[in-house]
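Working notes, structure below.
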Amino acid sequence: MSLNELPEGCIANALSFTTPQDVGRLSAVSPMFMSASVSDVVWERFLPRDLESILSTSHDGSRLLASAASRKELYFSLCENPVLVDNGRKSFSLEKKSGKKCYRLSARDLLITWGDTPEYWKWNSDPTSRFPEVAELISVCWLEIRGKINTSMLSPATLYTAYLVLKLSIDTYYYGLDDQPVAVAMKLDGEESYTRTVSWSAERRWGQVSRNARRPFSLFSFSRRRSVSTGESDGHYPQERGDGWLEIELGEFFTKEGKDGELEIRVFDGTSHWKRGLIVEGIEIRPKQGARGASPSS
């Protein structure tokens with residue numbers, strides 16, 4: 001029997017064992033693949049198994065589940081339009097090429113030292129943010145931001161990168177965020193597993209030295225970073241995202257199959273001078289670009 005004689009359902013089942021990116025490529029090969037590539041059999045496998053549980057915490061998510069005409073439509077909607085979940089404290093989306101889970105913890109979902117003290121921080125709406133509120137720094141010396149997530153919420157067997165999503169205020173003069181180092185630490189269940197140094201400003205690019213800790217516990221493999229001694233841009237410094245925000249890479253971690261735990265991320269600038277004008281949207285956790293892992297439906 002030639003390939004062209006196979007039932008469409010058989011072709012769709014075979015495609016479901018590839019990746020979303022592979023399906024897109026194969027659909028251009030022949031009308032047979034094109035027809036099979038839209039099957040719910042294919043796209044159901046690319047959606048997370050716990051998707052209904054995730055979206056049930058969101059009015060928009062529940063509406064999306066009910067209104068999507070196909071599993072393919074649902075998949076690409078989640079890739080292109082992040083959904084607010086957990087009472088609006090997080091956003092959930094999928095990485096388009098792999099179907100891996102992505103989360104962004106809102107500023108309200110973070111623990112910001114002095115964050116509820118109006119003299120130090122204020123909460124504003126921002127039309128470029130996906131969340132109802134962002135945190136704007138009024139004036140502090142002790143700048144500390146913590147975020148937590150249980151790794152059971154993420155895709156297993158996946159190399160993830162965490163980013164602080166931020167920008168600098170254009171309505172008020174900002175200061176104290178120019179050239180001082182900012183400490184980042186990642187902890188698993190309270191045990192420090194990874195540290196590095198980043199900067200609020202790209203001006204520290206020359207001569208910057210990063211620090212990396214010992215190898216982590218069994219749940220994670222944390223990637224070691226090379227020190228920066230040239231003018232090459234890297235994740236230690238703010239990078240433009242293309243959506244009006246900047247991001248600073250905080251670190252990488254690998255989620256192992258069947259191993260869950262609480263990951264805590266701490267960003268700390270304890271320099272003695274006053275700081276002002278930082279706007280924090282949240283911490284984004286997404287698969288590392290170019291990394292491979294288990295099937296997306298895990």
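The values are calculated or read from the model by the stated rules, or taken from the named source; none is laboratory data. The model shown is predicted, which means the values in this text are computed figures rather than measured ones. No Cβ is skipped: glycine too gets one built from the backbone with ideal geometry, and neighbour counts run over all protein chains shown. What goes into the accessible areas is simple: the full protein's heavy atoms, side chains included, and nothing from ligands, DNA or RNA. Shrake-Rupley method; radii C 1.70, N 1.55, O 1.52, S 1.80 Å.
Highest mean first, the peptides 152-165, 85-98 sorted by other C-beta atoms within 10 Å per residue fall in the order 152-165, 85-98. Cα centroids of region 250-286 and region 21-45: 38 Å apart. Among the protein heavy atoms of region 46-147, carbon and sulfur supply 50% of the accessible surface, probe 1.4 Å, non-protein parts ignored.
Considering only Cα-Cα distances, which of the following residue pairs are longer than 29 Å: Lys101/Lys275; Lys97/Lys148; Lys100/Lys167; Lys72/Lys122? Table pairs above 29 Å Cα-Cα are Lys101/Lys275; Lys72/Lys122. Using C-alpha pairs under 8 Å with a sequence gap of at least 6, the mean separation divided by the residue count of region 7-60 gives a relative contact order of 39 percent. In region 106-145, the inverse of the mean reciprocal separation of distinct Cα atoms equals 10.5 Å; this is its Kirkwood hydrodynamic radius. Among His273, His236, the order of accessible area from largest down is His273, His236, computed with a 1.4 Å probe on protein heavy atoms. Loop-resident trypsin sites (Lys or Arg not before Pro) (DSSP state other than H, G, I, E or B) in region 23-55 with no more than 12 further Cβ atoms inside 10 Å of their Cβ: Arg49. Each part reduced to its alpha carbon centroid, region 133-149 and region 91-129 end up 11 Å apart. Could you tell me whether region 55-108 comes out rounded, prolate or oblate from its Cα gyration tensor? Rule is a ≥ b ≥ c as square roots of the eigenvalues, rounded for a/c under 1.5, then prolate if a/b exceeds b/c, otherwise oblate. Oblate is the answer for region 55-108, as a/c is 1.5 or above yet b/c matches or exceeds a/b.
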